[in-house]
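Trainee: Here you go, one structure.
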Amino acid sequence: QVLLVESGGGSVQPGGSLRLSCVASGERANWYPYGWFRQAPGREREEVSCIAGNDGSTYYADSVKDRFIISRDNAKNTVYLQMNGLKPEDTGVYYCATVLIVQSKCVPYNGNYWGQGTRVTVSS
């Protein structure tokens with residue numbers, strides 16, 4: 001079992017930056033690839049980014065490519081999402097989760113682990 005706790009969300013103006021953190025606890029916390037997902041009111045959950053557990057390969061949704069950077073520090077059992085150049089459409093609740101990486105996609109699966117989410121609001 002893995003416990004995931006996100007933090008770092010908040011309110012920011014367009015063009016601003018936030019750094020989200022996801023701290024993972026568990027015996028095999030560093031075995032997994034991790035992904036970030038978001039969900040805005042009235043919209044479907046959306047893949048944002050994920051990072052592999054072996055070589056650190058990263059993957060991004062087209063909507064955030066060149067603006068967001070995912071990273072992990074296994075010594076701290078933490079996955080980060082640096083978000084730059086934020087836009088109103090980035091608003092939503094951001095969740096980290098264990099994922100499968102399939103054909104460069106970040107895919108949740110039955111029995112995976114989810115954090116509780118951290119809210120990001122981008123507005124003027």
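The values are calculated or read from the model by the stated rules, or taken from the named source; none is laboratory data. Everything numeric here is computed off the predicted structure, so don't read it as measured data. Cβ sites come from the backbone with ideal geometry, for glycine too, and all protein chains shown count toward neighbours. We work out accessible area using only protein heavy atoms, side chains counted, and drop any ligands, DNA or RNA first. Shrake-Rupley method; radii C 1.70, N 1.55, O 1.52, S 1.80 Å.
Trainee: Determine which member of the set Val79, Val102, Val64 is touching a residue at least 40 places away in the same chain (Cβ under 8 Å) and among the aliphatic types (A, V, I, L, M).
Mentor: Val79
Trainee: Answer with yes or no whether Ala40 is small (Gly, Ala, Ser), more than 11 Å from the chain's Cα centre (by Cα) and within 16 Å of Gly117 (Cβ to Cβ).
Mentor: When the stated conditions are applied, Ala40 passes them.
Trainee: Anything in the range 1-33 that is acidic (Asp, Glu) and crowded, with 17+ Cβ neighbours inside 10 Å? List them, or say none.
Mentor: Hit for the range 1-33 is Glu6, nothing else.
Trainee: Another question, if that's okay. Looking only at residues that are more than 13 Å from the chain's Cα centre (by Cα), open to solvent by 40 Å² or more (accessible area, probe 1.4 Å) and hydrophobic (A, V, I, L, M, F, W, C) in the range 65-124, which one is farthest from Ser25 (Cα to Cα)?
Mentor: My answer is Val102.
Trainee: While we're here: Going by the conditions given, is Ser49 among the hydroxyl-bearing types (Ser, Thr, Tyr) and at pLDDT 95 or above?
Mentor: Judged against the criteria, Ser49 is a match.
Trainee: Residue by residue through the range 34-52, note down the ones that are open to solvent by less than 30 Å² (accessible area, probe 1.4 Å) and not aliphatic (A, V, I, L, M).
Mentor: Residues satisfying the conditions are Tyr34, Gly35, Trp36, Phe37, Arg38, Ser49, Cys50.
Trainee: For the range 53-64, which residues satisfy the criterion of being of a type outside the set (Gly, Ala, Ser) and surrounded by 12 or more Cβ atoms within 10 Å (Cβ to Cβ)?
Mentor: If the condition is that a residue be of a type outside the set (Gly, Ala, Ser) and surrounded by 12 or more Cβ atoms within 10 Å (Cβ to Cβ), then Thr58, Tyr59, Tyr60, Val64 are the ones that fit.
Trainee: Sort out which residues of the range 59-99 are closer than 12 Å to Glu47 by Cα, in contact with a Phe, Trp or Tyr (Cβ under 8 Å, 6 or more places away or on another chain) and in a strand (DSSP E or B), and write them in order of number.
Mentor: Those that are closer than 12 Å to Glu47 by Cα, in contact with a Phe, Trp or Tyr (Cβ under 8 Å, 6 or more places away or on another chain) and in a strand (DSSP E or B): Tyr60, Tyr94, Tyr95, Cys96, Ala97.
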